[in-house]
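The values are calculated or read from the model by the stated rules, or taken from the named source; none is laboratory data. As the structure is a computational prediction, the values presented were derived from the model and not from experiment. Positions of Cβ are backbone-derived with ideal geometry, glycine not excepted, and every protein chain shown enters the neighbour counts. When the accessible area is computed, the model is the full protein with side chains, heavy atoms only, and any ligands, DNA or RNA have been set aside. Shrake-Rupley method; radii C 1.70, N 1.55, O 1.52, S 1.80 Å.
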Amino acid sequence: MLTPYECRCGRSHAPAAGRWRCDCGGLLDLPLAPARWPAATGVSSLWRYLDAGDVPWREVTLGEGGTPLVEEDGGLYLKMEFASPTGSFKDRGAVVLVALARALGAERLVADSSGNAGTAVAAYAARAGVPAQIFVPAGTSEKKLLQIRGHGAEVVVVEGSREDTAAAAIARVEETGAFYASHVYNPYFHEGTKTYSLEIFEQLGGVVPETLVLPAGNGTLVLGAHRGFAELRAAGVIDRVPRIVAVQAELCAPLAAAWSAGEKEPRAVRPGGTVAEGIAIAGPARGSRILESVADTGGVFVTVGEDEIAEAHAALAARGLWVEPTGAVSYAAVRRLRAEGSPLVAAGPVVAPLCGSGLKASL
């Protein structure tokens with residue numbers, strides 16, 4: 001049985017192919033429930049952590065999840081999300097969204113993305129046999145566009161900002177009635193990204209990390225990671241959620257600016273030309289929820305500069321790890337905080353993701 005959506009206005013809605021926001025226009029969420037623990041046996045993908053219900057996940061799975069957790073020095077662990085089937089952590093949420101779309105009888109998918117979510121939705125849509133149309137901003141990595149088109153999806157390039165791209169996708173959804181496979185608006189995406197935390201907990205042998213260092217653009221990994229550990233806490237498996245250090249690029253940091261000012265909504269910013277295109281989100285729709293999630297853990301927001309991202313990217317490559325520039329953001333933050341002697345990363349385990357493959361984009 002699919003869990004109904006909830007809105008802060010008090011309304012609830014049954015999942016439907018055309019439902020992606022509340023009648024009041026607000027964002028939809030899913031109620032927090034105790035984690036399914038221990039994980040199911042006999043399933044090798046991230047679905048071992050999920051109660052699939054009536055969702056036909058076996059028709060779309062590509063074996064996503066189970067990415068390696070590699071120990072570095074000083075209690076730092078790197079989660080190799082670039083080893084996902086399409087090369088980024090977005091596979092975790094995309095497989096859930098596409099399986100949900102199949103369950104709801106959707107005949108066409110529309111998504112908007114700066115690249116990685118679009119490639120993930122395109123791949124799983126191809127797997128499920130559902131046509132997809134992916135809206136991307138001009139300037140998106142050509143390698144990502146090739147991947148989206150290679151999976152058979154139609155690419156629509158939008159001149160303008162990431163927010164303009166989302167607006168164009170929403171207009172197409174409203175015009176056609178397509179299923180909006182949005183990693184921003186559909187909370188079932190977080191059902192996929194929460195497995196990031198559940199895997200870490202299991203891979204560490206039932207140890208809760210001290211700190212998660214996570215990139216923050218639209219916040220799908222921050223929200224999912226927080227949800228995963230919060231569900232373990234609700235199940236009585238753990239007694240605390242690890243501190244989250246959320247990282248933004250200095251040239252596009254609406255959440256970090258709001259955090260510094262003690263505000264509860266992201267600040268309006270004009271994005272600069274950061275190499276971290278995957279988190280260059282000037283107006284994150286779930287900004288208030290991201291700020292709340294980080295606050296719940298006793299965490300903070302930090303920013304990193306372009307030189308720091310480039311240096312972290314080179315340092316990872318020298319360690320045999322080839323990631324896209326956005327994928328180096330969390331590692332850049334760890335390097336900076338360690339150099340400053342910050343207590344945020346002084347005690348381990350500290351876990352940071354390498355979110356996207358370097359075959360998708362480069363400096």
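Could you check the stretch 1-58 and list, in sequence order, the residues that are of a type in the set (Ser, Thr, Tyr) and assigned to a loop (DSSP other than H, G, I, E, B)?
Scanning the stretch 1-58 gives 3, 41, 44, 45.
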If the requirement is being part of a strand (DSSP E or B), in contact (Cβ under 8 Å) with a residue 12 or more places away in the chain and open to solvent by less than 30 Å² (accessible area, probe 1.4 Å), which of these qualifies: 94, 111, 117, 101? 111
Output the residues belonging to the stretch 73-91 that are assigned to a loop (DSSP other than H, G, I, E, B) and buried (at least 24 other Cβ atoms within 10 Å of the Cβ). 84, 86, 87, 89
Under 6 Å between Cβ atoms, which residue pairs at least 6 apart in sequence (or on different chains) link something in the stretch 10-21 that is over 13 Å from residue 177 (Cα atoms) with a partner that is assigned to a loop (DSSP other than H, G, I, E, B) and open to solvent by less than 70 Å² (accessible area, probe 1.4 Å)? 11/22; 12/4; 13/19; 14/4; 15/2
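Is it the case, given these coordinates, that residue 70 is of a type in the set (A, V, I, L, M), assigned to a strand (DSSP E or B) and either without any contact (Cβ under 8 Å) to a residue 24 or more places away in the chain or farther than 20 Å from residue 165 by Cα (or both)? Break it down into steps so the answer makes sense when it comes.
Details: of a type in the set (A, V, I, L, M): yes; assigned to a strand (DSSP E or B): yes; either without any contact (Cβ under 8 Å) to a residue 24 or more places away in the chain or farther than 20 Å from residue 165 by Cα (or both): yes.
For residue 70, the condition - of a type in the set (A, V, I, L, M), assigned to a strand (DSSP E or B) and either without any contact (Cβ under 8 Å) to a residue 24 or more places away in the chain or farther than 20 Å from residue 165 by Cα (or both) - is met.
Hey, can you tell me all the residues within the stretch 289-322 that are among the hydroxyl-bearing types (Ser, Thr, Tyr) and over 16 Å from the mean Cα position of the chain (by Cα)? Write out each step before concluding.
In the first step, residues of the stretch 289-322 are kept if they are among the hydroxyl-bearing types (Ser, Thr, Tyr); the result is 293, 297, 303.
Those that are among the hydroxyl-bearing types (Ser, Thr, Tyr) and over 16 Å from the mean Cα position of the chain (by Cα): 297, 303.
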Mind checking which residues of the stretch 249-260 are free of Cβ contacts under 8 Å to residues at least 60 places away in the same chain and not in a loop (DSSP other than H, G, I, E, B)? 252, 254, 255, 256, 257, 258, 259, 260
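Residue-by-condition table, conditions (1) without any contact (Cβ under 8 Å) to a residue 40 or more places away in the chain; (2) more than 21 Å from residue 335 (Cα to Cα):
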site: 231; (1), (2): no, yes
site: 245; (1), (2): no, no
site: 263; (1), (2): yes, yes
site: 273; (1), (2): yes, yes
